[in-house]
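Student: I am attaching a structure below and will ask some questions about it afterwards.
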Amino acid sequence: MSKPLVSQANYEVTTEKVEPLQVLAPDGTIVNSDKMPNLSDDQLKELMRRMVFTRVWDERAVNLGRQGRLGFYAPVSGQEASMIGSEFALNKDDFICPGYRDMPQLVWHGLPLYQAFLYSRGHQHGGQIPQDVHVLMPQIIIGAQILHATGVAMAFKKRNQPRVAITYTGDGGSSEGDFYEGMNFAGAFKLPVIYFVQNNGYAITTPYSKQTGALSVAHKALAAGIKGVQVDGMDVLAVVQAVTEAAERGRRGEGATLIEALTYRYRPHSLADDTTKYRTKDEESDWEPRDPLTRMRLFLTKKGLWNEEIEAQVKEEAKATVAEHIKKAEETEKMTVSGLIDSMFEVTPSHLEEQKQAYK
Amino acid sequence: MAQMTMIQAIKDAMRVELERDPNVILFGEDVGHVGGVFRATEGLQKEFGEDRVFDTPLAESAIGGLAVGLGVQGFRPIAEIQFVGFIYEALDQICVQAARMRYRSGGRYNSPIVFRTPFGGGVKAAELHTDALEGLLVQTPGIKVVVPSNPYDAKGLLIAAIRDNDPVFFMEHLNLYRAFRAEVPEGEYTVELGKANVVREGSDVTIITYGAMVHTSVKAAEEIEKTQGVKVEVIDLRTLLPLDIDTIVTSIKKTNRAIIVQEAQKTSGVAAEVIAQINEKAILHLEAPVLRISPPDTVYPFAQIEDAWLPSPASVIAGINQVLEF
């Protein structure tokens, strides 16, 4: 038999089922103590606080959206463990390239909440990320951000910085060409990047079963020569652990990781679609017991770190903070067409200066 | 001063900028060791190392997206798309992601990227290697589009493009790469983006054109002056966006007649835009409607009829006579 011309592969393609990493069972017990992330009691409580806060914020945002006080809004309830756990595992100078649903990661990474509301309301200032906050604004084109994170990670590697880039998309996004191109580049250049797929079962209305014939999203890492793992995306501790491990691999120069988080969005894709047309009540009630807040609440309560009083306090604080930031967003001076024109280029060319005159 | 072909001048521009600014990096398909399919980057990897000049996997969208990510982190990428027809694969990253970065972020981020691509017909290349796709780009807000016609301009415009903090789409005509040599200064100099060049002065008709059609137009101008005594002014746009309408209007005020010669198909392209702007700014100075000399609205043809399809000195002369006889 002749030797293949080029072969870097030293593994056989796996056709085995990938088992999702779980640390915290739905009943709040630790089922995998080896993988328990190294977190203090304060950090455990902070994770819960952020998840409760985010759920309140999400409920409020959905209501505000229905009142017409927000613009485009993609609900996040159900995905708190994936979103908050993954951001929590990063350093502040790690860089986030988000998809359109990933506002919580940006806010917990430092984007002021009122700017998240401005972004939703279609105001440019929503995307004016503060200098010390290392994120891009949310991406609309599915998968485009995967390549940006790849480029950002290459910048970190070229400058020998111990930083990683993380990018988010959904199971639908994992069908895009950019998803494959990005992972393949990361494999070829061994870049410190984490591709975090929140598999919530649906790309708007199309179920995962119609999205791909792949055994799992995590399996797709194999073709790119990067590490692929699956995690219970409703288990915040497992998510923290998976991202911590991936970030450490990246910082050690061992390259990229694809993390598939199995999660569920309780609400529609956006405020415009009707879940009853594509989901069953049975399916929804099947996911409810796996709720990320419930299991963390049970776990922390057993440890004596959480109680109803604390939770009520966090909810009140969340409501007040959201109200304050909505007010700030509503009071922010509106964009102008001449300001928009001036944002096209660093120096506005003469033809645009001329077009601006009509809006003075 | 050195005599250089356009491809040597382009390489020299990249060499000068790679040397000057450590944030300038260059990548694309086959640009490293081999130096590109046209040798535009030959020797640059050897000189600046694989960290600065490198081959990528074959994926145009990722080349564009990599440039966007690196640009956000303060690098100044020169991203080569190997042939113009392959930009369709990368249009989201070029026209949406790079071009809208400044707008989307309210000025917080920019895209200091040059997308280089060879284009242009008359070389009997394979399908989708030569098409003139500048019209797609000039309709995209937030990007600049540059088409040099000679070695001096190519180097100066490319250096200006690399130093620009906004994305620039830089189109290099295949037929001009090695067509002739010209004097090109050593070291740094820039040709300002957005400034046209009057390459030939005349008083009877203005030809507005760019790229290889500058040479076709000059040939036509010389011929018609010899045979009919008509004095033709030829303007090389050099930058299609921003467009230097002032130079065009100044010329039309002198000649009162104009034609646009372009290699792209007729409808809705650069020529249409130039005519629209002439209508807005100089219509009362015109003695005849402004004419477009361009190929028909078909796909770019297979090699066999390429020469008949592209504008020629003869078709340009016919156009000049048409506006003179109006």
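The values are calculated or read from the model by the stated rules, or taken from the named source; none is laboratory data. Bear in mind the structure is a predicted one, so any value in this text is a computation, not a measurement. So basically every Cβ, Gly included, is an ideal-geometry build from the backbone, and we count neighbours across all protein chains shown.
Student: Among the residues of the stretch B:118-137, is there at least one that is part of a loop (DSSP other than H, G, I, E, B), touching a residue at least 12 places away in the same chain (Cβ under 8 Å) and within 10 Å of another protein chain (Cβ to nearest Cβ)?
Tutor: no
Student: Turning to a different aspect of this structure: Test A:I166 against the criterion of being buried (at least 23 other Cβ atoms within 10 Å of the Cβ) and under 23 Å from A:Y264 (Cβ atoms), and give yes or no. Quick ask: steps written out before the conclusion?
Tutor: Numbers: buried (at least 23 other Cβ atoms within 10 Å of the Cβ): yes; under 23 Å from A:Y264 (Cβ atoms): yes.
Yes.
Student: On to the next question. Take the stretch B:1-12 and flag every residue that is in contact (Cβ under 8 Å) with a residue 60 or more places away in the chain and in a helix (DSSP H, G or I).
Tutor: Passing the criteria: B:M6, B:I7, B:Q8, B:A9, B:I10, B:D12.
Student: With the checklist (1) within 27 Å of A:N184 (Cβ to Cβ); (2) part of a loop (DSSP other than H, G, I, E, B); (3) under 22 Å from the mean Cα position of the chain (by Cα) in hand, flag the one item A:S270 doesn't pass.
Tutor: Failed condition: (1).
Student: I need the full set of residues from the stretch B:118-149 which are surrounded by 24 or more Cβ atoms within 10 Å (Cβ to Cβ) and among the polar types (S, T, N, Q), in order please.
Tutor: B:T130, B:S149
Student: Also, quick follow-up: Check A:Y208, A:Y180 and return the single one that is aromatic (F, W, Y) and more than 20 Å from A:A144 (Cα to Cα).
Tutor: Checking each option against the conditions leaves just A:Y208.
Student: Also, I was wondering about something else. Any residue at all in the stretch B:171-184 that's in contact with a strand residue (DSSP E or B) (Cβ under 8 Å, 6 or more places away or on another chain), within 14 Å of chain A (Cβ to nearest Cβ) and modelled with pLDDT of 95 or more? Give the derivation first.
Tutor: Taking the stretch B:171-184 and keeping what is in contact with a strand residue (DSSP E or B) (Cβ under 8 Å, 6 or more places away or on another chain), we get B:171-174, B:177, B:181-184.
Those left that are additionally within 14 Å of chain A (Cβ to nearest Cβ): none.
No - not one qualifying residue is present in the stretch B:171-184.
Student: Here's something else I'd like to know. Given the options A:F53, A:F72, name the one that is surrounded by 12 or more Cβ atoms within 10 Å (Cβ to Cβ), hydrophobic (A, V, I, L, M, F, W, C), at pLDDT below 95 and out of contact with any Leu (no Cβ under 7 Å at 6 or more places or on another chain).
Tutor: One residue alone meets the criteria, A:F72.
Student: Which condition does A:A74 not pass, out of (1) part of a loop (DSSP other than H, G, I, E, B); (2) more than 14 Å from the chain's Cα centre (by Cα); (3) small (G, A, S), if it passes all the others?
Tutor: Going through the list (1) part of a loop (DSSP other than H, G, I, E, B); (2) more than 14 Å from the chain's Cα centre (by Cα); (3) small (G, A, S), A:A74 breaks only (2).
Student: When you scan the stretch B:77-115, how many residues do you find that are among the small types (G, A, S), within 12 Å of another protein chain (Cβ to nearest Cβ) and either touching a residue at least 24 places away in the same chain (Cβ under 8 Å) or in a helix (DSSP H, G or I) (or both)? Explain how you work it out, then say what you get.
Tutor: So the first thing to find is which residues in the stretch B:77-115 are among the small types (G, A, S), and the list is B:79, B:85, B:90, B:98-99, B:105-107, B:111.
Subsequent filtering for residues that are within 12 Å of another protein chain (Cβ to nearest Cβ) retains B:79, B:90, B:98-99, B:105-107, B:111.
Those left that are additionally either touching a residue at least 24 places away in the same chain (Cβ under 8 Å) or in a helix (DSSP H, G or I) (or both): B:79, B:90, B:98-99, B:111.
Within the stretch B:77-115, residues that are among the small types (G, A, S), within 12 Å of another protein chain (Cβ to nearest Cβ) and either touching a residue at least 24 places away in the same chain (Cβ under 8 Å) or in a helix (DSSP H, G or I) (or both) number 5.
Student: Taking the condition of being in contact with a strand residue (DSSP E or B) (Cβ under 9 Å, 6 or more places away or on another chain) and basic (K, R), how many residues in the stretch B:107-157 meet it?
Tutor: The total comes to 3.
Student: I'm trying to understand the selection: among the residues of the stretch B:290-326, which are part of a helix (DSSP H, G or I) and within 19 Å of B:A132 (Cα to Cα)? Spell out the reasoning first.
Tutor: The initial filter retains those residues of the stretch B:290-326 that are part of a helix (DSSP H, G or I), namely B:303-309, B:313-324.
Once the filter is applied, which keeps residues that are part of a helix (DSSP H, G or I) and within 19 Å of B:A132 (Cα to Cα), the stretch B:290-326 yields B:A303, B:Q304, B:I305, B:E306, B:D307, B:A308, B:W309, B:P313, B:S315, B:V316.
Student: Would you mention how many residues in the stretch B:229-247 are surrounded by fewer than 24 Cβ atoms within 10 Å (Cβ to Cβ), in contact (Cβ under 8 Å) with a residue 40 or more places away in the chain and under 19 Å from B:A318 (Cα atoms)?
Tutor: 1
Student: Follow-up question, since we're still on this one. Can you tell me how many residues within the stretch B:13-55 are assigned to a loop (DSSP other than H, G, I, E, B), without any contact (Cβ under 8 Å) to a residue 40 or more places away in the chain and buried (at least 22 other Cβ atoms within 10 Å of the Cβ)?
Tutor: Residues meeting the conditions: 1.
Student: Step by step: first the residues of the stretch A:337-360, then only those that are over 31 Å from the mean Cα position of the chain (by Cα) and not in a helix (DSSP H, G or I), then the one that is nearest to the other protein chains (Cβ to nearest Cβ). Which residue is that?
Tutor: Looking at residues that are over 31 Å from the mean Cα position of the chain (by Cα) and not in a helix (DSSP H, G or I), I get A:P349.
Student: So, of the residues in the stretch B:9-33 that are modelled with pLDDT of 95 or more and more than 23 Å from the chain's Cα centre (by Cα), which turns out to be nearest to A:G151 (Cα to Cα)?
Tutor: B:N23
Student: Continuing with the same structure: Filter the stretch A:284-307 down to residues that are without any contact (Cβ under 8 Å) to a residue 60 or more places away in the chain and charged (D, E, K, R), then give me how many there are. Break it down into steps so the answer makes sense when it comes.
Tutor: We begin by selecting, within the stretch A:284-307, every residue without any contact (Cβ under 8 Å) to a residue 60 or more places away in the chain; these are A:284-286, A:288, A:304, A:307.
Adding the requirement that they be charged (D, E, K, R) leaves A:284, A:286, A:288.
The number of residues fulfilling the criteria is 3.
Student: For the stretch A:77-155, which helices (runs of 4 or more DSSP H) that fit wholly inside it have 3 or more residues that are touching a residue at least 40 places away in the same chain (Cβ under 8 Å) and either within 11 Å of chain B (Cβ to nearest Cβ) or under 27 Å from A:D342 (Cα atoms) (or both)? If you could, list the steps in order and put the result at the bottom.
Tutor: Numbers: elements: A:80-88, A:103-109, A:113-120.
Hits in the stretch A:77-155: A:113-120.
Student: Tell me, please, whether a residue that is exposed (fewer than 14 other Cβ atoms within 10 Å of the Cβ), polar (S, T, N, Q) and modelled with pLDDT of 95 or more can be found in the stretch A:282-295.
Tutor: Within the stretch A:282-295 (the criterion being exposed (fewer than 14 other Cβ atoms within 10 Å of the Cβ), polar (S, T, N, Q) and modelled with pLDDT of 95 or more), the answer is no, since none of the residues qualifies.
Student: Which one of the conditions (1) within 19 Å of the chain's Cα centre (by Cα); (2) farther than 23 Å from A:R101 by Cβ; (3) among the aromatic types (F, W, Y) does A:F185 fail to meet, given that it meets all the rest?
Tutor: With (1) within 19 Å of the chain's Cα centre (by Cα); (2) farther than 23 Å from A:R101 by Cβ; (3) among the aromatic types (F, W, Y) applied to A:F185, the lone miss is (1).
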